[in-house]
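First up is the structure itself, then whatever we jot down about it.
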Protein chains: 4
Amino acid sequence: MNKEQFISIQMEGSLSIPGILLLNYPKLGLTESEMMLLLQVQLFIQQGKPFPTPDELAARMSASSPDCSMSLRSLIQRGFLKIDDEDIQSIRFEKYSLEPLWDKLYRFLTETKKEQCEPEKTEE
Amino acid sequence: MNKEQFISIQMEGSLSIPGILLLNYPKLGLTESEMMLLLQVQLFIQQGKPFPTPDELAARMSASSPDCSMSLRSLIQRGFLKIDDEDIQSIRFEKYSLEPLWDKLYRFLTETKKEQCEPEKTEE
Amino acid sequence: MNKEQFISIQMEGSLSIPGILLLNYPKLGLTESEMMLLLQVQLFIQQGKPFPTPDELAARMSASSPDCSMSLRSLIQRGFLKIDDEDIQSIRFEKYSLEPLWDKLYRFLTETKKEQCEPEKTEE
Amino acid sequence: MNKEQFISIQMEGSLSIPGILLLNYPKLGLTESEMMLLLQVQLFIQQGKPFPTPDELAARMSASSPDCSMSLRSLIQRGFLKIDDEDIQSIRFEKYSLEPLWDKLYRFLTETKKEQCEPEKTEE
């Protein structure tokens, strides 16, 4: 591996996934494929491309472009993902936001907490 | 969310996935489910439990325990995962290692590079 | 860079630092050197060595071993770090825990919130 | 901690630092303060603000704005950081790049390797 490759790998960076999300995404109703799709969207956002096309997403996944398109729509409808508008220098841009995912995770964690608090039993 | 929950979320930590892996796992022959399974194994390793059972893995995934078991076996056979032995205080432990995955990724990156290097064309 | 080096870099892994900590550590009373020392402790924990010696820490830092020793003591006294005891197979181990740091961060975030909010309403 | 705070913490994200960098920055000639400054620059880049001012950096550090300014200049002169120009919609932007840091790290790792490879000596 030469220097240019090493540098480009480092510049690519890493994606940090909170353990708490990895532990609970199935309980939120997400499949592994959907979780990976959300991670790919997050990586695009982090790389400064906040509105990847289904084609661009499919190029990084084992799913086809129409599959990605359908999954994105489903994730939006089920409240895991949303599209925000942003104006930069008076040009309008669309971008994905994972805010709904964190909203769901918060509600899951605090509701679970409340239930656990009655007769309680928290091992692990 | 109370203090105890916040602290336990932070103590849980995060898993860092190299961008280069997220960009290329399908080209290595991995599906989304398999990639997520490897990430779960990695998270267990990081949390000091380097040999999770299929049951423990299934509890964090939308797959069943027999599914996880079968996937683990397949990942080992296809050279993405291995089991190492370790002796601690003369007690033998088994643990998973993702070394074969990084080996495959290295070979993929350097071979791809070589091909690209003949008539060359490296934009981006 | 040969394959063995690439693999060992990947196996080394990465440390994830929450943005919220990077944004606020000086407000918690930490200097850059102390923050880096805590990160090194965290990396050791993640690598399965939860009780590094001052020597081991100094080998990765530009500080001397006595400096590291003094800083560790100060961090413990000021409530950023603690030492826990653990029994594994009836052998007693000591290990560092960053729990006090997260505790401080939680209190900082929620108190700041309250001040900012005054005429407002902060439920949990 | 209420929902809005939890969500904003998650949206803030995390910064991933390669273990290999944390293990070796002093050998590259960086102090803890300089390493933290580079991490803050990296976090700004990741958050879509690739050219933070010394004031913005100082607000997140225990260093003053003139200190940050001087450190940035020193890091550029010593080859750890550079400023790139970018044209977006024909408007020129400046942005920091950590490419020189990775370049230095690559050269350090491969040169160290070479030395180690002669009479050999791989401890740790």
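Annotations for the structure displayed:
- Nm distances between copies for residue C:56, ranked from closest, using label points 7 Å along Cα→Cβ: 2.1, 3.9, 4.3
- Chain B, relative contact order in percent, only Cα pairs under 8 angstrom and at least six apart counted: 17 percent
- From its DSSP helices (H runs of at least four residues, each -39,500 (n - 2.57)), chain A gives a residue-normalised ellipticity at 222 nm of -17500 deg cm²/dmol.
- Buried solvent-accessible surface, both chains (C, D), 1.4 Å probe, Å² to nearest 100: 3200 Å²
- The protein assembly as shown shape via C-alpha gyration tensor axes, a/c threshold 1.5: rounded
- Accessible carbon and sulfur surface of the protein assembly as shown relative to its total accessible area, %, 1.4 Å: 50 percent
- Gaussian network model of chain D, Cα within-10 Å springs - most flexible of D:44, D:108, D:93: D:93
- Entries of B:95/C:95; B:82/C:49; B:104/C:49; A:95/D:95; A:82/D:3 with Cα pairs more than 24 Å apart: B:104/C:49
- Each part reduced to its alpha carbon centroid, the stretch A:1-69 and the stretch D:79-105 end up 24 Å apart.
- Taking every C-alpha pair closer than 8 Å and separated by at least 6 residues, the mean separation divided by the residue count of the stretch A:9-72 gives a relative contact order of 22 percent.
- The overall shape of the stretch B:64-109 is oblate: from the C-alpha gyration tensor, with semi-axes ordered a ≥ b ≥ c, the ratio a/c is 1.5 or greater and a/b is no larger than b/c.
- A Förster radius of 51 Å combined with the Cβ-Cβ distance from residue B:94 to residue D:87 puts the calculated FRET efficiency at roughly 0.40.
- Considering only B:110, B:31, B:53, the mean-square fluctuation computed in a Gaussian network model of chain B, springs between alpha carbons under 10 angstrom, is largest for B:110.
- For residue B:51, net neighbour charge (Lys/Arg +1, Asp/Glu -1) across residues whose Cβ lies under 9 Å away: +1
- Computed from Cα atoms, the angle from the helix C:65-77 axis to the main principal axis of chain C rounds to 30 degrees.
- Helix axis angle, D:3-12 relative to chain D longest principal axis, alpha carbon, degrees: 40 degrees
- Relative to the longest principal axis of the Cα atoms of chain A, the long axis of helix A:99-116 lies at roughly 20 degrees.
- Magnitude of the charge dipole for chain C, about its Cα centre and with charges confined to Cβ atoms of Lys, Arg (+1) and Asp, Glu (-1), is about 180 debye.
- In terms of its alpha-carbon gyration tensor, chain C comes out prolate; a/c meets the 1.5 threshold, and the first ratio a/b outweighs b/c.
- Heavy-atom accessible area per residue - the stretch C:20-115, 1.4 Å, Å²: 47 Å²
- In the elastic network of chain A, a GNM with C-alpha springs shorter than 10 Å, the most mobile of A:14, A:69, A:97 is A:14.
The values are calculated or read from the model by the stated rules, or taken from the named source; none is laboratory data. Bear in mind the structure is a predicted one, so any value in this text is a computation, not a measurement. Note: ideal-geometry Cβ built from the backbone for every residue, glycine included; neighbour counts use all protein chains shown. For accessibility, only protein heavy atoms count, side chains too; no ligands or nucleic acids. Shrake-Rupley method; radii C 1.70, N 1.55, O 1.52, S 1.80 Å.
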